[in-house]
Every structure is written in C-alpha cells, then in structure tokens.
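All remarks here apply to the structure that follows.
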Amino acid sequence: MEAIARLNNVPTSPRKMRLVADLVRGKRVGQALSILKFTPNSGAAKLEKLLLSAVANWQAKNPDEKIEEADLFLKTIFVDEGRMLKRLRPAPQGRAHRIRKRSNHVTLIVDSYSSNVTADNVETTEKSN
C-alpha cells in the first residue's frame, strides 16, 4: 500500500529541485536517504525531510507491518512549478528588469516491493526513462 507526502511552495526553482529528485527516483528508501544526506544541494535536505514524512505516513496507514520487512522504495517523485513572485530590479537609464523568484511543489509516493510491483519492473522503467 502506498503513502503520499507533498511539499508545497518550496522557495527553490523547480529545475534545481528536479536535479535532486532525479538522483533518488526509483531507489529504496534507505539508499535514497543516504544519497540525500550527502548531497550538497539545498533541495536535498528538504527532500530528505519529505521522504521521512512519507515513511511515517506509510507506517500510519500500515500499523501491522514493520518498515524493515516492507522493503519500501520511491515509487514516484515529481516536481511541479509553484507560484512565481515577480520583483523589479533597477536597470540603467531608468528602466527596470523583472526578477522571477520561482517556487515548486514536490509530490513523493512511497510503496513496498511486496505489492504487485517488483524491483525488476522499477529498474526497467528507470532505464527506459
């Protein structure tokens, strides 16, 4: 059974957050946490916290099962554009240039291998993308 965690209005550009999300897509939870812990990007710490939240959501949905035996993996992770704050920066000769401060929304879905998806299916879809 899958569990979902969402993070809205993160003040980072979606492009930078997608770079970090691509590192952990399709990986097991333990491996993803270790990758995020040692990744120096600012989005890695936020994704690590979100992943821990998704694991806690999965545990709340499945109180009978143990996390160690469930063999959790990141089924889906995607980054969407959030709202954009528009600011003006002074430019030469009385003009102004627009500064776009971007934000993003991250959605993360965690599932266990014991359900109908196997590790081979995840790896083949990962390689085809």
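Only the coordinates and a few stated rules stand behind these numbers; no lab work does. Keep in mind it's a predicted model, so treat the numbers as computed, not measured. Every residue, glycine as well, gets a Cβ built from its backbone with ideal geometry; the counts of neighbours run over all protein chains shown.
Values computed for the structure shown
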{"item": "Net charge dipole size for the chain [Lys, Arg +1 and Asp, Glu -1 on Cβ; Debye, nearest 20]", "result": "1580"}
{"item": "Dipole of the chain [Lys/Arg +1, Asp/Glu -1 at C-beta], most positive-end residue of G43, A54, L85", "result": "L85"}
{"item": "Across K27/K86; K46/K66; K66/K101; K16/K86, pairs whose alpha-carbon gap is larger than 30 Å", "result": "K27/K86; K66/K101"}
{"item": "For the chain, the spread of Cα positions along each principal axis, largest first, Å", "result": "66, 32, 25"}
{"item": "Size of electric dipole in region 1-43: Cβ of Lys, Arg +1 and of Asp, Glu -1, about Cα centre, debye, nearest 20", "result": "100"}
